[in-house]
Amino acid sequence: MGKPAAHPYEDALGACTRSGSSQMDDQEMLAVRFHYGGEFFFDGKKMHYLGGSEGSSYIERDLISLPEITGHLKDHGVDVDGVLLHWLRPGTDLGDGLRVLHDDSVCLAMSDHIKGSGVAEVFVESTKVQLETPDEDSSDEVQYIGENRINAIQPAPIKIEECQQLQISSKVGESDSSSDSEYLPSGFCSSEDDDEAKEIEKNFKEFKVKCKAQELKSLDDVVFTSAPQIEIAQPDMELIGGCDLVDGNSTAYGDSSGGEDESFEECSGEEVIGKEENFDRFDRKADIPDFSLGMKFSGKKEFKEAIVKYGLATRRVLKFIKDEGDRVRVIRDWPMCPWVCLLKKTSLVDSWLVTSLKDEHTCPQRRDNKLVIARRIADRFESLIRANPSWSLHHLQATIQREMFANVSISKCKRAKSLVMARWLDKVQGEYSKVFDYQEELLRSNPGSTVVVKMDPEFNVPVFQRFYVCLDACKKGFLAGCRKVIGLDGCFFKGACSGVMLCAIGKDANNQIYPIAWAVVEMETNDTWDWFTYLLCRDLQTEDGEGWVVISDQQKGILKAVQAWLPNAEHRNCARHIYANWRKKFKKKEYQKMFWKCAKASCISLFNIARAELAEKKPQGAQAITNTDPHHWSRAWMKLGANCDSVDNNFCESFNKWIVEPRHLPIISMLEAIRCKVMIRIHDMATKASRWQQAICPNILKKLQNFVNSSAYCQAICCGRDQYEVQHNDHRWSVDLDKKTCSCRYWQLSGLPCPHAISCIYYKTNILDDYIASCYTVDAFKKTYAHFLQPVEGMQNWRSSEMGKPLAPKQLKMPGRPRKERKREPHEKPKKGTRLSKRGTVIRCKKCKQVGHNRSTCERRTNSNTGTSNMAASSNTVPVTAANALIPLQVSQQSATALGKRKAPSSSSSRDVSAHKNRKKNSSSEVAYSERTKTVSVETPTMSTQKIVRTSAQGRVATIPGGTASINLEATVPSSLDRANVSIQVTSGTASAQVKAQGPSSKKPASKTSRRLPHLLQSPDTL
């Protein structure tokens, strides 16, 4: 496809074409299966219907009646004279579920009970009583003629005629293809072997007599004399002498809901041949799968899904011990449990059957179910995770334990959540390929709308870039009843879809938001805002912008776009953003009120007064307030005529919050959710306006009531000709009711009477409605919401566009965890939650009692300040034990600087004492050598506060057996000549020493050394 134009427009409307279906609608037709020609029989436990044939018909639900049903029964060749029709309720058996069809009301109830593709079972009972003997001939008995094999409910070829009737007759052997009849009437025999037919008839008569005489205890006593043994297809159906035994739940038809479970095959022409079902079929819709011997599956995949569903539903661990090409065996993962199920592909019916089943459980329910994997967790909770992407993993883990009875790890929950988000991302990528189809559907369903799709020109292939929507109803509603005020803003997407949503919002007559247009772009840039503003101006026909007001933040792209396409429009900057920048330097609460007083001053004199008050408190703040031109954010310089006094862009922020939930969705789902919200809002507002009785909108009346209360402090003096002088506190204002003006400019600016004007109006009359601008009336509100959005069809009905399928844009992943919420300003209140914010809390360490860190970081700081230089010991290094934990120390003034220690304050001094332990080799044994350094901080008061200063050093040394070690200790008193030294040398064992010194003194004493001789703590043999 070629490169799209710079500003493409698609005005052509496409007709939506939908192909019809030739199949009958299940909602309009009722399928009825007739059981006729047989008799009810009770065997002592259950009620059965013996003998007879079956036939099916489709009856229109609107024509359901007793004559209509009997008419369809006649079409099957049944004599309806003296018959009684019984209807079997779904889910019941013949013993308690039969209802007599005696009038039309019961027939309608039957139609209501059978939903969708269900089949109504109708049993025909003959009320004619005939006495039979074994030797009697009965013309009403069905004669089964054919080969030795007797088939159960084998339908003949049938034709679908205009009456939508299906007829299935009992058939044994082959029927005459040249015959027009689709069934065999009573007494007619197409076989030449009359003796065989008579013998079968005789056996059946004898069986009926025995049943009436209750000579047979069970149906197992039936013996076939002339017919071979018949295979039993279902437990509840047996064939007796050519007669079929049917209970209420059995059926000769397969489930029509599944593709592979169809009971009919299309043949040449219009014939439909019914297939005989000899095995139970697996019910996919069952909450807990039920397995039975001989159950038929479409393949191994369906069987495995059923086993997993069964294991999860029963909370038992199942294990596939054999999975080969033609069989699958499943057992319980419990040693003593006998449950086993085997699926094999048999040549009997060329299908997959359960050939072995032992349905008995002796194992307990377990929580360590290995069937609960991440993929199945994702399938189970996908909708919940997508609806709540911030759902915590611990809450998901608790939900899985409660609903799936399984203990799973946090990592498995994380994988499941990642799978859901990956699927969501795949859906996002897939929806980009349908943006042109969505464009044509919007243009088809809402004629007059503007929908623009722009491709990225940097790629040779079509890659999505932007999507613009301005629906016809929103466009007309804004121009019909809203003021010429537009708010522009952008917001980021919160889900897997990357990009920015640009929006243009208006204000209705009730001062509420009214969405005009929105667009999906890659980011907020000069080019994207220029593109969006251009399309918006063309839709609203703003020309050069004369008389229009645009409110936005200080985004550079908006400033340039408005200047380019709306040069004569008044462009206001949001005062809230101005204040956010100004507050960074002036944070006091009292300054905030002074700023907003300047912003909301309606005239220049009030602005100067408010700024002078600020200058008295903070001259720098008064100077900084004019860094941004007040013409763009203060009411004092706003142009008149737009009837809008807004100094902020809060109505755009309200729209961004209103669509916060759709912003988590993929692109088309998001656009559709926004469109639906707008469509519902327009309808709700129109409904609400129809109940309003007053002439002015409610929100305007609330705002006006505050002005009425303030007018109590205004004193109006009439000067004649509707001109007044108003005294309000220390200010005087002039009001002209005829021109609807006030010298404070608020009346002309907003279109609402100010408190000064209201005091004058009340001086003249009590009616305020005549002095309020027409843009605030209920009529203007109704004009805005008189245009409704048209419905859009589902994605499956969209016409395929000729523009092709564009690719998704490249996902730009930023470093770090993606943010879900905007950055709040320091002065903004934190988002309400369940926990109090810790901002401003003073942290104090419990270990060192200092502020600025906690206990965990205190240990790291201590280690870093210690500057430990532990050298890696060789293989013969003596390990650190209780004997050598305390090493020699030496007082050293340079140790703090050399080791990188933090110096103490000037009010106190600290001494870092360090020593080195030296191990030497002697002639008899090898001595391990290592060097250790330890710092001891000794606080030394200043000489001015204390005359005596003491210091000390102590140490301990140990050697290996036969080794020699020495220690040197020195204690030096600062600002004094006092010094003490001690030296110890130990051959083997452990020794310790201590030395002290103090000074100064009145008489210079000799150095006193407290010396403790070395002593052995333990024998060298024990080291």
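The values are calculated or read from the model by the stated rules, or taken from the named source; none is laboratory data. Quantities reported herein were computed from a predicted structural model and do not represent experimental measurements. FYI the Cβ positions are ideal-geometry reconstructions off the backbone, even for glycines, and counts take in every protein chain you see.
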(request) Take W596 and decide whether it is more than 29 Å from R675 (Cβ to Cβ), assigned by TED's automatic domain parsing to the domain that holds D629, of a type in the set (A, V, I, L, M, F, W, C) and modelled with pLDDT of 90 or more. (result) yes
(request) Would you be able to say whether some residue in the stretch 689-696 is of a type in the set (V, I, T) and over 30 Å from E431 (Cβ atoms)? (result) yes
(request) Mind listing just one residue for me: the one in the stretch 643-685 that is out of contact with any helix residue (DSSP H, G or I) (no Cβ under 8 Å at 6 or more places or on another chain) and assigned to a loop (DSSP other than H, G, I, E, B) and, of those, surrounded by the fewest Cβ atoms within 10 Å (Cβ to Cβ)? (result) V660
(request) Just need a number here: residues in the stretch 440-466 that are in a loop (DSSP other than H, G, I, E, B) and among the small types (G, A, S). (result) 2
(request) Among residues belonging to the stretch 419-450 that are modelled with pLDDT of 85 or more and closer than 30 Å to I288 by Cβ, point out the one that is surrounded by the fewest Cβ atoms within 10 Å (Cβ to Cβ). (result) L419
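For every residue, the table says whether it meets (1) of a type in the set (F, W, Y); (2) in contact with a His (Cβ under 6 Å, 6 or more places away or on another chain); (3) modelled with pLDDT of 95 or more; (4) under 25 Å from V549 (Cα atoms).
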site: P457; (1), (2), (3), (4): no, no, no, no
site: V469; (1), (2), (3), (4): no, no, yes, yes
site: F478; (1), (2), (3), (4): yes, no, yes, yes
site: G481; (1), (2), (3), (4): no, no, no, yes
(request) Consider only pairs whose beta carbons are under 7 Å apart and that are at least six residues apart or on different chains; among these, list those whose first residue lies in the stretch 74-93 and is without any contact (Cβ under 8 Å) to a residue 40 or more places away in the chain and over 11 Å from H113 (Cβ atoms) and whose second residue is surrounded by 13 or more Cβ atoms within 10 Å (Cβ to Cβ) and of a type in the set (K, R). (result) H86/R99
(request) Residues being in a strand (DSSP E or B) and under 54 Å from the mean Cα position of the chain (by Cα): count how many of those fall in the stretch 79-99. (result) 6
(message) Taking the condition of being over 16 Å from K309 (Cβ atoms), without any contact (Cβ under 8 Å) to a residue 60 or more places away in the chain and aliphatic (A, V, I, L, M), how many residues in the stretch 324-377 meet it?
(response) 6
(request) State whether the residues of the stretch 687-695 include one that is in contact with a Gly (Cβ under 8 Å, 6 or more places away or on another chain), among the hydrophobic types (A, V, I, L, M, F, W, C) and not assigned by TED's automatic domain parsing to the domain that holds P753. (result) no
(message) For the stretch 560-582, give me each residue that is surrounded by fewer than 18 Cβ atoms within 10 Å (Cβ to Cβ) and under 41 Å from the mean Cα position of the chain (by Cα).
(response) K560, R576, A580, N581
(request) Residue by residue through the stretch 62-78, note down the ones that are part of a helix (DSSP H, G or I) and either out of contact with any Asp or Glu (no Cβ under 6 Å at 6 or more places or on another chain) or outside the structural domain of G116 (by TED's automatic domain parsing) (or both). (result) D62, L63, P67, E68, I69, T70, G71, H72, L73, K74
(message) For the stretch 261-300, which positions are modelled with pLDDT under 75, surrounded by 15 or more Cβ atoms within 10 Å (Cβ to Cβ) and not in a loop (DSSP other than H, G, I, E, B)?
(response) F264, V272, G274
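Listed here are the residues, each with its yes/no results for (1) aliphatic (A, V, I, L, M); (2) more than 22 Å from the chain's Cα centre (by Cα).
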| site | (1), (2) |
| --- | --- |
| M421 | yes, no |
| Y438 | no, yes |
| N460 | no, yes |
| L471 | yes, yes |
| K476 | no, yes |
| C497 | no, no |
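Residue-by-condition table, conditions (1) surrounded by fewer than 17 Cβ atoms within 10 Å (Cβ to Cβ); (2) at pLDDT 85 or above:
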| position | (1), (2) |
| --- | --- |
| V354 | no, yes |
| Q365 | yes, no |
| I377 | no, yes |
| S390 | yes, no |
| H395 | yes, yes |
| Q401 | yes, yes |
| A406 | no, yes |
| I410 | yes, yes |
| K417 | no, yes |
(message) Kindly evaluate L384 against the criterion of being buried (at least 17 other Cβ atoms within 10 Å of the Cβ), farther than 17 Å from V317 by Cβ and out of contact with any Leu (no Cβ under 7 Å at 6 or more places or on another chain).
(response) no
(message) Of everything in the stretch 467-504, what is among the charged types (D, E, K, R) and either out of contact with any helix residue (DSSP H, G or I) (no Cβ under 9 Å at 6 or more places or on another chain) or not in a strand (DSSP E or B) (or both)? Give them in sequence order.
(response) D472, K475, K476, R483, K484, K494
(request) Could you look through the stretch 301-333, keep only residues that are surrounded by 18 or more Cβ atoms within 10 Å (Cβ to Cβ) and among the basic types (K, R), and pick out the one that is modelled with the highest pLDDT? (result) R316
(request) Can you give me the number of residues within the stretch 708-726 that are at positive phi and touching a residue at least 24 places away in the same chain (Cβ under 8 Å)? (result) 1
(request) Evaluate the stretch 334-357: report whether one residue or more is in contact with a strand residue (DSSP E or B) (Cβ under 8 Å, 6 or more places away or on another chain) and among the charged types (D, E, K, R). (result) yes
